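Structure first, commentary second.
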Amino acid sequence: MLTDKSTARGKLMSQYVCARITSMKGINIGLFEFDRHNAIYFFVLNADEHIYLRYGGRDAASASSYLDLASFELALETGLELHAAGTAAPPRAPKPAAEYPRDIALLNENVVARGRCVECHLIDDFRNQELEQHGHLDKLRSMYRSPDIKRLGLLLDVSRGLVVRKAKDAAAAAGIEAGDKITRLGETAVHTFGDLQFYYDRTPRDARSIELTVERDGSDRTMTLELPQQWWRTDISYRYWSVDPLVYFESRPLTVDEKHQHGLPIAGFASVVTKVDLAAALRGAHTLAVGDITRAVDGVDTDDVADSTDLFIKLRHRAGAKVTLDVLRDGEPLEIALQTGRQSFRK
Amino acid sequence: MPSTLPVSVAAVVALAGLALSHAADTDALDPIEWVHSYPEALEQARATGLPILLEFRCAP
């Protein structure tokens, strides 16, 4: 982006040291933590590495749903105000421990040590793989990064930063109104959508509510939003699935009527296969076909979270696992073996 | 397996929003200068007292 210093944006940017980083090699990724599936992301900070705010974030619909020039300029103005106020205010969170790409063994082995570009998304890809191999991966958090605030009924006036354009559902029930400006999530000050999405993502997935503070008519009001069931669940089809295992098929949950028709538990995850990856045959992973109804996995047909068979396997099994699927094909029951796989992240 | 293509596409889309004036900007007489080294940015910030605007992005 070439910006002339004489423009409004240029005048703001002239008050910054502007740095553009296109490889994460040598970057303290512990300090600059963000959802790596954002293709562009900004931090405003001082020379002591005190981060004032973030600018970035996205939703499933578009990488630019929450990015525009007006909100960018607003973030620049806010950053200057925070810098002028000094760092007397306590940081929003303790400074995280330093971590570099070379500290993630698989990333170091496959990318850093080979002199390849350390792209942002590779950091999470390999970190997740390493955690999964050691059995420490929180799949709900890692698969469903950056939950969508629209599920709370929060629609923002993007050009005005965190000003609410419309409040529905949980947001409206909590008392949030159009025109309110979100200023805090819990105890954490938020200045931009990037801030809000980053800290919202840190909410434990079993949380039942969050507190938002809004500014209305010059005064602060704190509202408690009751989180809807599976509030963290969003459309993640846009993002590279960086969480093992691979299951080599996709399915959609059966409707209630379909479950009744087949005598299956309503709360179960029985689903119909909608897509079979070519790799399933190439790797001998399974022999499922589009249209098969998957009823259970190793005799299990219900789950607290999963509502489809492929999600159940991804959530509850590791790469390399062998499972047996209880399947209906053309009305006839059969058992199909499936072996999950591990991603390579090769280009 | 999905390819990394969606990430690249996302980059283009995301940048589009911030680069609406790119065509006009290419004729800019006095463009904003970017440094491409984080240590250099810290050094400049210490020397000038300015805050840092740090952009992470996929390589164009």
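The values are calculated or read from the model by the stated rules, or taken from the named source; none is laboratory data. All of these numbers come straight from a predicted model, not from anything done at the bench. All Cβ positions, glycine included, derive from the backbone under ideal geometry; neighbour counts span all protein chains shown.
To keep it simple, each residue is scored yes or no on (1) at pLDDT below 95; (2) surrounded by fewer than 17 Cβ atoms within 10 Å (Cβ to Cβ); (3) not polar (S, T, N, Q).
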| site | (1), (2), (3) |
| --- | --- |
| A:Asp277 | yes, no, yes |
| A:Arg283 | yes, yes, yes |
| A:Thr294 | no, no, no |
| A:Gly299 | no, yes, yes |
| A:Asp307 | yes, no, yes |
| A:Leu328 | no, no, yes |
| A:Ala337 | no, yes, yes |
| A:Gly341 | yes, no, yes |
| A:Arg346 | yes, yes, yes |
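Mind listing whichever residues of region B:32-60 are small (Gly, Ala, Ser) and touching a Ser or Thr at 6+ places or on another chain (Cβ under 6 Å)?
Applying the first criterion (small (Gly, Ala, Ser)) to region B:32-60 yields B:37, B:41, B:45, B:47, B:49, B:59.
The answer is B:Ala59, and nothing else.
Of the residues that make up region A:105-126, is at least one part of a helix (DSSP H, G or I), over 30 Å from A:Leu76 (Cβ atoms), over 22 Å from the mean Cα position of the chain (by Cα) and touching a residue at least 60 places away in the same chain (Cβ under 8 Å)?
Yes, because at least one residue in region A:105-126 is part of a helix (DSSP H, G or I), over 30 Å from A:Leu76 (Cβ atoms), over 22 Å from the mean Cα position of the chain (by Cα) and touching a residue at least 60 places away in the same chain (Cβ under 8 Å).
For (1) under 28 Å from the mean Cα position of the chain (by Cα); (2) of a type outside the set (D, E, K, R); (3) in a helix (DSSP H, G or I), each residue gets a yes or a no:
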residue	(1), (2), (3)
A:Gly284	no, yes, no
A:Gly291	no, yes, no
A:Thr294	yes, yes, no
A:Asp304	yes, no, no
A:Asp307	yes, no, no
A:Phe312	yes, yes, yes
A:Leu315	yes, yes, yes
A:Ala319	yes, yes, no
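With respect to the numbered conditions (1) assigned to a loop (DSSP other than H, G, I, E, B); (2) free of Cβ contacts under 8 Å to residues at least 60 places away in the same chain, which one is the sole condition not fulfilled by A:Arg252?
Result: A:Arg252 fails condition (1) only.
Take the conditions of a type in the set (D, E, K, R), touching a residue at least 24 places away in the same chain (Cβ under 8 Å) and closer than 18 Å to A:Leu196 by Cβ and apply them to A:Glu49. Does it pass? Before the answer, list the steps.
Numbers: of a type in the set (D, E, K, R): yes; touching a residue at least 24 places away in the same chain (Cβ under 8 Å): yes; closer than 18 Å to A:Leu196 by Cβ: no.
When the stated conditions are applied, A:Glu49 does not pass them.
Are any residues in region A:61-81 within 8 Å of another protein chain (Cβ to nearest Cβ), among the aliphatic types (A, V, I, L, M) and in a helix (DSSP H, G or I), and if so, which ones?
Passing the criteria: A:Leu69, A:Leu76, A:Leu80.
Listed here are the residues, each with its yes/no results for (1) in a loop (DSSP other than H, G, I, E, B); (2) touching a Lys or Arg at 6+ places or on another chain (Cβ under 6 Å).
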residue	(1), (2)
A:Ser23	yes, no
A:Ile29	yes, no
A:Glu33	yes, no
A:His37	yes, yes
A:Tyr41	no, no
A:Val44	no, no
A:Glu49	yes, no
A:Arg54	no, no
A:Asp59	yes, no
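Could you tell me whether any residue of region A:85-93 is among the hydroxyl-bearing types (Ser, Thr, Tyr) and surrounded by fewer than 17 Cβ atoms within 10 Å (Cβ to Cβ)?
Yes, because at least one residue in region A:85-93 is among the hydroxyl-bearing types (Ser, Thr, Tyr) and surrounded by fewer than 17 Cβ atoms within 10 Å (Cβ to Cβ).
Residue-wise test of (1) facing chain A (nearest Cβ under 7 Å); (2) surrounded by fewer than 19 Cβ atoms within 10 Å (Cβ to Cβ); (3) at pLDDT 50 or above.
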residue: B:Ala10; (1), (2), (3): yes, no, no
residue: B:Ala14; (1), (2), (3): yes, no, no
residue: B:Pro39; (1), (2), (3): no, yes, yes
residue: B:Ala45; (1), (2), (3): yes, no, yes
residue: B:Ile52; (1), (2), (3): yes, no, yes
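Give region A:173-198 a look and list any residue that's part of a helix (DSSP H, G or I) and free of Cβ contacts under 8 Å to residues at least 40 places away in the same chain, or say none.
Within region A:173-198, none qualify.
If a residue has to be modelled with pLDDT of 90 or more, under 21 Å from the mean Cα position of the chain (by Cα) and of a type in the set (A, V, I, L, M) to count, how many in region A:25-50 make the cut?
Adding up the residues that qualify gives 3.
Give me the pairs: first residue in region A:201-212 and surrounded by 13 or more Cβ atoms within 10 Å (Cβ to Cβ), second residue modelled with pLDDT of 95 or more and aromatic (Phe, Trp, Tyr), beta-carbon distance under 9 Å, and six or more apart or on different chains, which are they?
Correct list of pairs: A:Ile210/A:Tyr200.
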